[in-house]
Amino acid sequence: MLAYAPLGWFPLIWLTLGGLFGLLGLAATPRQGACLGAAFGFGLFLAGVSWVYVSLSVFGGMPAPLAGLATFLFCAVLTIFPTLVGGLFVRFASAGWLRRALLFAALWVLAEWLRGWLFTGFPWLAVGYAQAPPSPLAGFAPVFGVYGVSLLSVLLGALLFDVLKGRFTGQSLSTQRIPLLAVGALLLAGGLLSEVQWTEAQGEPLSVALLQGNVPQDMKWRPEKFTDSLRIYYRLALEHPAQLTVLPETALPAFLDQVPGEYLDELKKLALRQQGDMLFGIALADAAGGQSRYANAAVSLGASPLQTYRKSHLVPFGEFVPAGFAWFLSMAHIPMSDFTPGESRQAPMRLAGQLVGANICYEDAFGEEIIHALPEASLLVNLSNVAWFGDSLAPAQHLQIAQMRALETGRMMLRATNTGMTAIVAVDGRVQAVLPPFTRAALLGEVRGYAGSTPFVRWGNWPAIILALLLAGLTGRRNSRAAHPI
C-alpha cells in the first residue's frame, strides 16, 4: 500500500509484484499459484479499501461486527481476480524469462480490467494508479490509459526480479543485459512521452473557486442543520468570487425543489459578479410514469442558462440497491441510497466560457466513461463527498485517480469535495494546488481549457486490453505438461 497515495512510493509496486512473480515461479501446481495470488490480493485489498468499514459502521450505522464481516467479504470477492492470475500463470507459464514476464503482466491487467467492469466494476487500486506523477511510467497514460500503465508496471516488476535473481545466483552481466536494457527502455520511453504535449490550451485563463464546506457527515442530513449548510456555502462563495465556482456533491442536502428560491437567487447573484457560473451538487426529484425518480445531480446557476448533469454510474449499496440486497441496506442508515442513473452520454455543460465535462464522485474512477464528454469538453470537473470514509486512505487515493484521468484526457481536472481532497490537477497529472482535508476553505486558482485528443481519448482502453490478450495468447504454453522452471 505504500506505493499508492498518500505516500506514493511508486517503485515499491514494482518490487512487490516482482516478488509475487518470483514466488509463482516456485509454485508446483496451479492450486499453489492460486493460493499465492489470493494471499497477495487479500492483503492488498484489506489494507487498501479498509475505508469500506468506516462508511458502513461509523457513518452508515451498521453494527461493528456486521460491518467488519461485510468488509471482509467484499475484500474476499475482490481477491478472486489475483487468485485467477496466480492459478492461470502457473498453469500456462512456459520457459523463458521474457515469455513468463509478458504472460504475468498480461494476466494481471486482464484481471484488473475484468474487476473494473464486472458487476458495475470496482477499478480501485489498479496498479497503474500508483504510477501517477512523478513516476516516469505516467508518460504512457495518455497513450494506453491506466490499464496500459498497469501492464508496463507489472512487466517492469517481473523484469526487475529477473535482474535481481541473476545478481544473487551469480549470473554473468551479459546474461542480465537484456532485462536491464528492457527496464531502462521502459523508464526512458515513459520519461520521453511525458514531454509530449498531446493537447493545446485554448482561450484565456479562467478564475475558479472550489468550495470545501467540511460539513460532518453525521450532521449533514439532519433537518435542523439544513440552514447551517446553506449558510456555510453561501459565505464561502461570497468571500471568494470567481468566474467558475464549484460546490461539492450534495453540497445542499435536500432536493432542488426544497431549497428556498430566494437562496438560489442569491447564489446566482454571486456568480454574476464575475459574469460567471456556479456548479453545485444536489438531488433532483421528478415523477415519471406515476413513480418518483431521484437523481444525484450537478446543477448550474449564473450567466449561462440553467443546466443539469445526472450521475450515470451509481455506487452499489450506496446509491442503488442491487436485486436481493434490500435486507443489507436495512441494517445501514444511508440517506439518498436509491437513485436512478442518468444517461451514459450527456453533453458537456457550457459554463464560464468553457465546455465542462462534469462527473460526480466515484464516476472519475472509470476512465473510459469520462471520455464520453471528449474531445468536446475543454475542462473536467468532479464533485465529491468522501466524508463517508472519514480520515482514511480513500480521499488521497481518489485524488490519485483524478491525476490519472487528467493525464489520460489531456485536460485539467477540478475537484470540489466536502471534506477533502479539494484540488486542481494540471494537464500533466500533477497536483497544482490542494486544500488540507477537514478544513473549511475555498481553493482559488487559474485554469485553462484544452482542446485536442490524446490517443486514449480516441481509443479508450481497447489498445491496452487487446495487447494484453495477444500477449497472453502468444506467451502462454500450449502443452499443459510442460515444465515451468523459474
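The values are calculated or read from the model by the stated rules, or taken from the named source; none is laboratory data. Remember, it's a predicted structure, so these values are computed and weren't measured experimentally. Glycine also receives a Cβ, built like all others from the backbone with ideal geometry; neighbour counts cover every protein chain displayed.
Quick rundown of the values:
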quantity	calculated
Test: residue in segment 43-64 that is over 18 Å from LEU160 (Cα atoms), over 27 Å from the mean Cα position of the chain (by Cα) and not small (Gly, Ala, Ser)	yes
Residue match in segment 237-247 (condition: within 28 Å of GLU363 (Cβ to Cβ), surrounded by 14 or more Cβ atoms within 10 Å (Cβ to Cβ) and in contact with a Pro (Cβ under 7 Å, 6 or more places away or on another chain))	no
Cβ pairs under 9 Å, 6+ apart, first in segment 19-32 and part of a helix (DSSP H, G or I), second acidic (Asp, Glu)	PHE21/ASP162; GLY22/ASP162
Subset of segment 300-309 [surrounded by fewer than 18 Cβ atoms within 10 Å (Cβ to Cβ) and within 24 Å of the chain's Cα centre (by Cα)]	THR308
Scope segment 18-51; condition aromatic (Phe, Trp, Tyr) and modelled with pLDDT of 95 or more; matching residues	PHE21, PHE40, PHE42, PHE45
Elements of type strands (runs of 3 or more DSSP E) contained in segment 365-470, each with 3 or more residues being surrounded by fewer than 20 Cβ atoms within 10 Å (Cβ to Cβ)	431-434, 441-451
Flag for ALA201 being within 23 Å of the chain's Cα centre (by Cα), part of a strand (DSSP E or B), of a type in the set (Gly, Ala, Ser) and over 22 Å from ASN296 (Cβ atoms)	no
Residue within segment 65-78 that is part of a helix (DSSP H, G or I), surrounded by fewer than 19 Cβ atoms within 10 Å (Cβ to Cβ) and either in contact (Cβ under 8 Å) with a residue 40 or more places away in the chain or of a type in the set (Asp, Glu) (or both) present	yes
Answer residue from segment 276-296, given it is among the charged types (D, E, K, R) and at pLDDT below 95 and is nearest to LEU264 (Cα to Cα) among those	ASP286
Close pairs (8 angstrom Cβ cut-off, 6 or more residues apart or separate chains): crowded, with 18+ Cβ neighbours inside 10 Å in segment 177-201, among the charged types (D, E, K, R) and at pLDDT below 95 anywhere	PRO179/ASP162
Count of segment 187-239 residues which are of a type outside the set (Val, Ile, Thr), out of contact with any helix residue (DSSP H, G or I) (no Cβ under 9 Å at 6 or more places or on another chain) and modelled with pLDDT of 95 or more	11
Residue that is nearest to ALA416 (Cα to Cα) [pool: residues in segment 233-288 that are of a type in the set (Ser, Thr, Tyr) and without any contact (Cβ under 8 Å) to a residue 40 or more places away in the chain]	THR245
Residue count for segment 12-23, restricted to those that are among the aliphatic types (A, V, I, L, M) and within 17 Å of GLU112 (Cβ to Cβ)	3
Boolean, LEU118 is over 15 Å from the mean Cα position of the chain (by Cα), surrounded by fewer than 24 Cβ atoms within 10 Å (Cβ to Cβ), assigned to a helix (DSSP H, G or I) and not hydroxyl-bearing (Ser, Thr, Tyr)	yes
Residue match in segment 150-158 (condition: among the polar types (S, T, N, Q), touching a residue at least 40 places away in the same chain (Cβ under 8 Å) and closer than 30 Å to ARG411 by Cα)	yes
Which numbered condition ILE334 fails, given (1) at pLDDT 95 or above; (2) in a loop (DSSP other than H, G, I, E, B); (3) farther than 20 Å from ALA406 by Cα	(1)
Subset tally (residues that are among the polar types (S, T, N, Q) and more than 18 Å from THR245 (Cβ to Cβ)) for segment 406-438	2
Residue tally, condition touching a Leu at 6+ places or on another chain (Cβ under 8 Å) and over 19 Å from GLY139 (Cα atoms), over segment 418-443	12
The listed residue being over 27 Å from PHE366 (Cβ atoms) and either in contact with a Gly (Cβ under 8 Å, 6 or more places away or on another chain) or outside the structural domain of GLY33 (by TED's automatic domain parsing) (or both), out of SER55, SER94	SER94
